[in-house]
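The values are calculated or read from the model by the stated rules, or taken from the named source; none is laboratory data. Keep in mind that this is a model prediction, so the values were computed, not measured. Here the Cβ positions follow ideal geometry from the backbone for every residue, glycine too, while neighbour counts run over all protein chains shown.
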Amino acid sequence: MIKKAISFLLCALLLSGAGLSAAAELKLATSPWPPYVDENLPGKGLAIKLVTTALSRAGYKTSLRIETWTRTLEGADIGVYDVIPAAWYNEARARAFNFSKPYLTNNIMLLKRKDDPFTFNGLSDLKGRIIGIIPGYAYGPAFDAAGNFYRVNSRHLVENLTKLRLGQIDLTLDDERVLLHDLGKYMANSQGQFVILPKPLSVNGLHIAVSRQRPDHEKIVTDFDKAVEEMKQDGEYEKILNEYAIYRKRL
């Protein structure tokens, strides 16, 4: 009888340990967003390198799936995926996801041709300008509501860069690191023709978004935030940023 009890207790402990191990493995999913998410970059991009490093330090194993943004949101919403590693906060998303503190800042910047004397201090300065945009992009409520300039839609930033170089639009805009990445990749011979204006149009914090389908979503966020702070204190955070320093230099 005693042997059976001990055997049962050992099995329970083993099953409990297996459950804890499974709970600590996180399925990450997000869409391509170079240089933040890119399978061809070191660490699969700046955001992925920071997030997986922090989660690893917090004791979590991770796997990553690159999906469309729509499928990423849908999958994480129903619990197929556990974590979106690079997301902007909004109230609608917060109903389905628990957001970490921002671990990076995204500066949405305007880009012009170097020979254009245009300066930017606020939305009123955009009056009459023709601006290349990507529909659905989160440029900010004020920009989205403004009606004093003309919008030209494109599917990708590189299309807007081409239109800007050809003089078909006056300005385009995107996250600063994304602008620098795409200019370096697609406009290497002509990137000197462009200037990133110094004042951000908007500033967004970049977070991990943990599916509320996971019962431990609050713990995951707490562990992640703590690990990021420790990385900042011991220098690992800055070391990773320096690996992607090419995307911090202004034109």
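Tell me, please, whether a residue that is assigned to a loop (DSSP other than H, G, I, E, B), under 28 Å from SER100 (Cα atoms), assigned by TED's automatic domain parsing to the domain that holds LEU111 and of a type in the set (Lys, Arg) can be found in the range 190-205.
The answer is yes; a qualifying residue exists.
When you scan the range 2-12, do you find a residue that is more than 12 Å from the chain's Cα centre (by Cα), of a type in the set (Ser, Thr, Tyr) and at pLDDT 95 or above, even just one?
no
Does GLY147 count as at negative phi and part of a loop (DSSP other than H, G, I, E, B)?
Numbers: at negative phi: yes; part of a loop (DSSP other than H, G, I, E, B): yes.
Spelling it out, GLY147 is indeed at negative phi and part of a loop (DSSP other than H, G, I, E, B).
Can you name the residue in the range 221-251 that is modelled with pLDDT of 95 or more and among the β-branched types (Val, Ile, Thr) and, of all such residues, is farthest from PHE99 (Cα to Cα)?
That would be ILE240.
Based on what the data block shows, is LEU166 assigned by TED's automatic domain parsing to the domain that holds ARG151 and loosely packed, with under 14 Cβ neighbours inside 10 Å?
Details: assigned by TED's automatic domain parsing to the domain that holds ARG151: yes; loosely packed, with under 14 Cβ neighbours inside 10 Å: yes.
It is true that LEU166 is assigned by TED's automatic domain parsing to the domain that holds ARG151 and loosely packed, with under 14 Cβ neighbours inside 10 Å.
All but one of (1) assigned by TED's automatic domain parsing to the domain that holds VAL51; (2) surrounded by fewer than 19 Cβ atoms within 10 Å (Cβ to Cβ); (3) within 21 Å of PRO32 (Cβ to Cβ); (4) not hydrophobic (A, V, I, L, M, F, W, C) hold for TYR186, so report the exception by its number.
So the condition that TYR186 fails would be (1).
Would you mention how many residues in the range 204-220 are among the hydrophobic types (A, V, I, L, M, F, W, C) and either more than 17 Å from GLU91 (Cα to Cα) or at pLDDT below 95 (or both)?
Initial filter on the range 204-220 (among the hydrophobic types (A, V, I, L, M, F, W, C)): 206, 208-210, 220.
Within this subset, residues satisfying the condition of being either more than 17 Å from GLU91 (Cα to Cα) or at pLDDT below 95 (or both) are 220.
Here the count works out to 1.
What tally of residues in the range 124-142 results from selecting those that are within 19 Å of the chain's Cα centre (by Cα), in a loop (DSSP other than H, G, I, E, B) and either surrounded by 11 or more Cβ atoms within 10 Å (Cβ to Cβ) or not assigned by TED's automatic domain parsing to the domain that holds VAL152 (or both)?
Total satisfying the criteria: 5.
Could we say that ARG214 is surrounded by 15 or more Cβ atoms within 10 Å (Cβ to Cβ) and assigned by TED's automatic domain parsing to the domain that holds PRO135 here? Before you say what the answer is, go through the steps one by one.
On the way: surrounded by 15 or more Cβ atoms within 10 Å (Cβ to Cβ): yes; assigned by TED's automatic domain parsing to the domain that holds PRO135: no.
Considered against the rule, which asks whether it is surrounded by 15 or more Cβ atoms within 10 Å (Cβ to Cβ) and assigned by TED's automatic domain parsing to the domain that holds PRO135, ARG214 comes out as no.
Is it the case that the range 63-84 has a residue that's hydroxyl-bearing (Ser, Thr, Tyr), farther than 18 Å from HIS181 by Cβ, in contact with a Gly (Cβ under 7 Å, 6 or more places away or on another chain) and buried (at least 17 other Cβ atoms within 10 Å of the Cβ)?
First pass over the range 63-84, keeping only residues hydroxyl-bearing (Ser, Thr, Tyr): 63, 68, 70, 72, 81.
In the following step, the residues that additionally are farther than 18 Å from HIS181 by Cβ were identified as 63, 68, 70, 72, 81.
After this cut, where a residue has to be in contact with a Gly (Cβ under 7 Å, 6 or more places away or on another chain) as well, the list is 81.
Those still in the list that are buried (at least 17 other Cβ atoms within 10 Å of the Cβ) too: 81.
Yes, because at least one residue in the range 63-84 is hydroxyl-bearing (Ser, Thr, Tyr), farther than 18 Å from HIS181 by Cβ, in contact with a Gly (Cβ under 7 Å, 6 or more places away or on another chain) and buried (at least 17 other Cβ atoms within 10 Å of the Cβ).
Working only within the range 172-189, note down all residues that are closer than 23 Å to PRO117 by Cβ and assigned to a loop (DSSP other than H, G, I, E, B). It would help to see each step written out before you state the result.
If we filter the range 172-189 for residues that are closer than 23 Å to PRO117 by Cβ, which is where we start, we get 172-174, 176, 179-180, 183, 187.
Answer for the range 172-189, where residues must be closer than 23 Å to PRO117 by Cβ and assigned to a loop (DSSP other than H, G, I, E, B): just MET187.
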